[in-house]
Ligand code: IMP
């Protein structure tokens, strides 16, 4: 395809997951670890785009930044855009505590993926629905993976092989939409 894309992130596990997804889609990519600009916004799309623009100012090469969140229906979409902060402060156990006794366990992960290169800006989105598990299970993945069971499955993301998560994840869906467009931009 001829375009090498930098995956800009401060989270090595997330970067590696993104690199693996892009490789499967035939796009050469390299993870560039860098502190990402984190603006306050309710919109993952805006957070990702602003961070990608800021990274482009420094790196001046085609790059992507993705911003994701876990949106829990019974908590009115919390933690959503604040997922990273909530994960650091109360973690998986804290979210399970908030969900104690809650019957409606529906939730979704969403990724907004911003691509910036010279004169080009694009944002793609990927969503996967599922439910919050009753307890943390599994050791794979990262973040809230041990408590998220994707729709149609009984295992959490953390109990799946990496390729199984990649076949259904929010991140994979956003990267697939991006890869389909990259040929044309
Ligand atoms: P980020 O801003 O894209 O790094 O994501 C925010 C937070 O959401 C992370 O700190 C994770 O806790 C959580 N998160 C994002 N993507 C995933 C995922 O694929 N699995 C589990 N947790 C995730």
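A few remarks follow.
- Unique residue being surrounded by fewer than 16 Cβ atoms within 10 Å (Cβ to Cβ) and either modelled with pLDDT of 95 or more or out of contact with any helix residue (DSSP H, G or I) (no Cβ under 9 Å at 6 or more places or on another chain) (or both) when the list is 119, 126, 77: 119
- Some residue of region 133-143 being away from the ligand (no atom under 12 Å from the Cβ) and under 20 Å from residue 39 (Cα atoms): no
- Residues (without any contact (Cβ under 8 Å) to a residue 24 or more places away in the chain, part of a helix (DSSP H, G or I) and touching a helix residue (DSSP H, G or I) at 6+ places or on another chain (Cβ under 7 Å)) located in region 148-173: 157, 158
Okay, residues lined up against (1) surrounded by fewer than 20 Cβ atoms within 10 Å (Cβ to Cβ); (2) under 14 Å from the mean Cα position of the chain (by Cα); (3) assigned to a loop (DSSP other than H, G, I, E, B):
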| site | (1), (2), (3) |
| --- | --- |
| 113 | no, yes, no |
| 134 | yes, no, yes |
| 146 | no, no, no |
| 175 | no, yes, no |
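- Inspection of region 42-59 identifies no residue that is part of a loop (DSSP other than H, G, I, E, B) and without any contact (Cβ under 8 Å) to a residue 24 or more places away in the chain.
- In summary, residue 12 fulfils each of the numbered conditions (1) within 16 Å of the ligand (Cβ to nearest atom); (2) surrounded by fewer than 14 Cβ atoms within 10 Å (Cβ to Cβ); (3) in contact (Cβ under 8 Å) with a residue 60 or more places away in the chain with the single exception of condition (3).
- Restricted to region 92-103, and to residues there that are loosely packed, with under 15 Cβ neighbours inside 10 Å and in a helix (DSSP H, G or I), the residue that is farthest from the ligand (Cβ to nearest atom) is 97.
- Condition met for residue 64 (in a loop (DSSP other than H, G, I, E, B), at pLDDT 95 or above and in contact with a strand residue (DSSP E or B) (Cβ under 9 Å, 6 or more places away or on another chain)): no
- Inter-residue pairs, beta-carbon under 6 Å, first more than 15 Å from residue 147 (Cα to Cα) and in region 76-87, second modelled with pLDDT under 95 and more than 9 Å from the ligand (Cβ to nearest atom), 6+ apart: 81/42
- Checked against the criterion of being surrounded by 19 or more Cβ atoms within 10 Å (Cβ to Cβ), within 13 Å of the ligand (Cβ to nearest atom) and farther than 23 Å from residue 86 by Cβ, the candidates 27, 47, 21 yield just one match: 21.
- Here residue 106 passes the criteria (1) within 14 Å of the ligand (Cβ to nearest atom); (2) modelled with pLDDT of 95 or more; (3) touching a helix residue (DSSP H, G or I) at 6+ places or on another chain (Cβ under 8 Å) except the one numbered (1).
- Some residue of region 11-26 being at pLDDT below 95, more than 19 Å from residue 120 (Cβ to Cβ) and not in a helix (DSSP H, G or I): yes
The values are calculated or read from the model by the stated rules, or taken from the named source; none is laboratory data. As the structure is a computational prediction, the values presented were derived from the model and not from experiment. Heads up, the Cβs are rebuilt from the backbone with ideal geometry, glycines too, and the neighbour counts pull from every protein chain shown.
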